[in-house]
Amino acid sequence: MRKPERFRRFLDYFTTNFPEPKTELHYGNPYELIVAVVLSAQCTDKRVNLVMPALLEQFPTPYQLGAASAEEIYPFIRSVSYPNNKAKHLAGLGRMLVSEFGGEVPSTIEELQRLPGVGRKTANVVVSVIYNQPAMAVDTHVFRVSHRLGLVNRTATTPLAVEKELLRYTPEEVVAKAHHWLILHGRYICVARQPKCGICPLTDCCRYYEVNFGAAPSKPLPPPEAADII
């Protein structure tokens, strides 16, 4: 199956079965989202959602966060991965939001990447989720699933290369949704160690399945039960 056909199959399935995907991070405004995404680096959304309420109660706006030291932030995020570095990033992020952006989260990838702890992936998430821009954030799930399905070439060995290929073949109006589709598929079905090919609805267009198990029937499989993906 050629790449455009794989994309068409992938997009058709999720557009039909999961038309309104959303991030699993809990947030109420742009500030809360960017803090959550910074904390989510190499950490589960579930863990981030557990620490966010107490963190936000103590530092409800960029002004309180920017006035705090890393040592004051650390106790609230000690259970996430790399808490020392992330505490430093959040303290610097709060200060810069206040000093350079008037307490508002900027809306461009270039400006966002100036903030401590904010790389291209985090910036793409923010502009996509908050500002509805056609940005494709490539995390480990997106990287893995796009390669396994055959949506990107094997030569796309960096997140930026994967991002460019996905944007090339994904219609602009569904880029933000496709980001979530890839993440959720990787989180619950196309998992890293033992992908759940037996319940995957995309085996008929999956390069990984074809290489490891042979060509799947061309007739699409029924969608998995909700319990399998939530």
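The values are calculated or read from the model by the stated rules, or taken from the named source; none is laboratory data. Only a predicted model underlies this, so the values are computations on that prediction, with no experimental measurement involved. Because the Cβ atoms are built from the backbone with ideal geometry, glycine has one as well, and the counts that use them run over all protein chains shown. Remember, those area values only see protein heavy atoms, side chains included, never the ligands or the DNA or RNA. Shrake-Rupley method; radii C 1.70, N 1.55, O 1.52, S 1.80 Å.
Solvent exposure of the range 66-158 amounts to 45 Å² per residue of accessible area, where only protein heavy atoms count and the probe is 1.4 Å. With contacts taken as Cα pairs under 8 Å and at least 6 residues apart, the range 17-101 reaches a relative contact order of 28 percent. Each 5 Å bin from zero holds the following percent of Cα-Cα pairs in the chain: 1, 7, 14, 18, 17, 14, 11, 8, 6, 3, 1, 0. Taking θ as phi - 60° and the Karplus parameters 6.51, -1.76 and 1.60, the scalar couplings of the range 124-130 work out to 5, 4, 5, 5, 6, 6, 8 Hz in sequence order, x denoting glycine and proline. Selection among 50, 143, 82 by position relative to the dipole of the chain gives 143 as farthest towards the positive end (Cβ unit charges, Cα centre).
The mean sequence separation of alpha-carbon pairs under 8 Å and at least six residues apart, normalised by the residue count of the range 97-188, gives a relative contact order of 25 percent. Each of 102, 40, 67 was scored by the projection of its Cα onto the charge dipole of the chain, and the greatest displacement toward the positive side belongs to 40; charges sit on the C-beta of Lys, Arg, Asp and Glu. Among the trypsin sites (Lys or Arg not before Pro) within the range 160-195, those in coil by DSSP and having at most 16 neighbouring Cβ atoms inside 10 Å are 193. Please work out whether the range 42-146 counts as rounded, prolate or oblate from its C-alpha gyration tensor, where a ≥ b ≥ c are the square roots of the eigenvalues and a/c under 1.5 means rounded, while otherwise a/b larger than b/c means prolate and anything else oblate? Oblate shape, in that a/c is at least 1.5 and b/c is the bigger or equal ratio. Counting only Cβ charges, +1 for Lys and Arg and -1 for Asp and Glu, the dipole size of the chain around its Cα centre is about 920 debye. Per atom type, the chain shows carbon and sulfur on 53% of its accessible surface, probed at 1.4 Å. For the range 64-87 and the range 115-155, what is the separation of their C-alpha centers, rounded to whole Å? Going from one Cα centre to the other spans 25 Å. Computed from Cα positions, the angle between helix 140-149 and the longest principal axis of the chain comes to roughly 10 degrees.
Evaluate the charge dipole of the range 1-138 about its Cα centre and quote only its size in Debye, nearest 20, assuming +1 on the Cβ of each Lys and Arg and -1 on the Cβ of each Asp and Glu.
Its charge dipole is roughly 700 debye.
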